[in-house]
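Below is one structure, written out as structure tokens, with a few remarks after it.
A short reminder: the numbers here are calculations on the coordinates, not readings from a lab. Keep in mind the model is a prediction, meaning the values are calculated, not measured. FYI the Cβ positions are ideal-geometry reconstructions off the backbone, even for glycines, and counts take in every protein chain you see.
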Amino acid sequence: MLLRRASLQAAKPRPLSDQVLLRLRELPMADVALALGITLRGTKAMCFNGHDSASPSFTVSKARNTWKCFGCGEHGDAIALVQKIHGLAFMEACKWLSGHFGIIGGDVQSGRRVHTISRAPSPKPSNLPPPATTTNPDPELYTWLVAHCGRVKESLGTAYLLAHGIAPELALKCGVVELVDPARAYRVLEKHWGAERIRSAGLSGKRRALSWSGYALLFPFNSEEATQYFQIRCLQSSMKFFGPSGIPKPMYNSQRLSQLQTGSLLHICEGVPDAIAMEGAGLAAVAVLGATSFRSEWVDELLPFDLVGVPDGDAAGEKFMKFLAKEFRARSKSIRFAVPPKDMDASDVIARGMNA
Ligand SMILES: [Zn+2]
């Protein structure tokens, strides 16, 4: 497999210099919001906490280069926003921003380190692609990338999947693949598609490299024979799930809806592994990736089914549950909830049953 050869060592974090921190905080708020998939209309957007239904409360201040939500009161700088949206610790958020906006010295060298190990030439700074402008979903490129990754074989990946209730055959059936070496993957992608196409697909920032480093699993969102989107789960950093930058998150497993009869039981999970684990247990499931990604037209698509919401057993899960309840109540549609025990999610519950 093209993207298989790699070294699987995690890079040690290095302290950030004050200069790098300053540069991260000076990144234009609107650009950072866009990179995180937040669509601003002027200086306003719907809040990522999901409480906005009609008018947007999330606001960026160009003068102060900060953001604030007038609904829930959350506020902060660029780094804080990355932490919120991607669920990252401070250092990881700095690393994400540095990587995305091509700021050298922000502990973004881990990708390069893998690069060096695989004996590749370093990219020349003079060949940097033009500054980021717009991003668009690119099913053609996503399909190609997923097809050029291998089925999950590394123990890092199989162990993660098993812990989430996903046996290897199930992962294969759902098209989950592993991307071992992002530096090599970028070179292969660039040769085939060119740097600008990769960037506009939301997979790289200003730097000629993918937006993440280290071993990762890719969870494709397939429909009509193409990968419309995918989620990335890096297993060599604390980065949680994320997708191509600036691309709206679709519903996971939405093609399942057309196979179900009216009145059938359908689970709405909060995470992709949860939906896969439930499907593996014979339960129809889709995943809605948090309240921020929910689109009101999905209510219409989901109305015909007997709905069970499956939030995570944490504070965010509670918010998710309230959000779904509100969305469906507004349409006089009932939805039940199956709440996992505290600090567990549906896939944990299924994994426990599987390993018992
Ligand atoms: Zn808010």
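For E297 and E140, what does the FRET efficiency come to when R0 = 25 Å and r is the distance between their Cβ atoms, rounded to the nearest 0.05? So the FRET efficiency works out to roughly 0.55. In whole angstrom, the range 317-356 maps to an equivalent ellipsoid with semi-axes of 27, 10, 6, each derived as √(5λ) from the alpha carbon gyration tensor and ordered largest first.
For the pair A159 and M344, the difference between a 0.36 nm per residue extended length and the Cα-Cα distance amounts to 64.9 nm.
Computed extension length for S264-E169: 31.7 nm, one decimal, from 0.36 nm per residue of separation with the Cα-Cα distance subtracted. Each Cα pair under 8 Å and six or more residues apart adds its separation to the average, and for the chain the resulting relative contact order is 16 percent. Using the Cβ-Cβ distance between E224 and D18 with R0 = 35 Å, the FRET efficiency computed as 1/(1 + (r/R0)^6) comes to roughly 0.10. The value of relative contact order for the range 172-263, using C-alpha pairs under 8 Å at least six residues apart, is 24 percent. Both radii come from the Cα set of the range 168-229: Rg as radius of gyration, Rh as Kirkwood radius; their ratio Rg/Rh reads 1.00.
Built from the Cα atoms of the chain, the convex hull projects on average onto 17.8 nm², one quarter of its surface area. Extending 7 Å from Cα along the Cβ direction at R336 and again at S55 yields two label points whose distance is 3.9 nm. Given K44/K68; K319/K342; K44/K240; K95/K206; K68/K342, which pairs have Cα atoms separated by over 19 Å? From the list (K44/K68; K319/K342; K44/K240; K95/K206; K68/K342), the Cα-Cα distance tops 19 Å for K44/K240; K68/K342. Counting neighbouring Cβ atoms within 10 Å and putting the fewest first, the residues F221, F294 line up as F294, F221. Per-residue ellipticity at 222 nm from helix content only, as computed over the chain with -39500 (n - 2.57) for each DSSP H run of at least four residues, stands at -10000 deg cm²/dmol. Between the range 306-352 and the range 144-207, the alpha-carbon centres lie 29 Å apart.
Using the alpha-carbon positions of the range 18-108, Rg (one decimal) and Dmax (whole number) come out as 12.8, 42 Å.
In plain terms, the residue of F337, F90, F230, F241 with the fewest other Cβ atoms within 10 Å comes first and the most crowded comes last, giving F90, F337, F241, F230.
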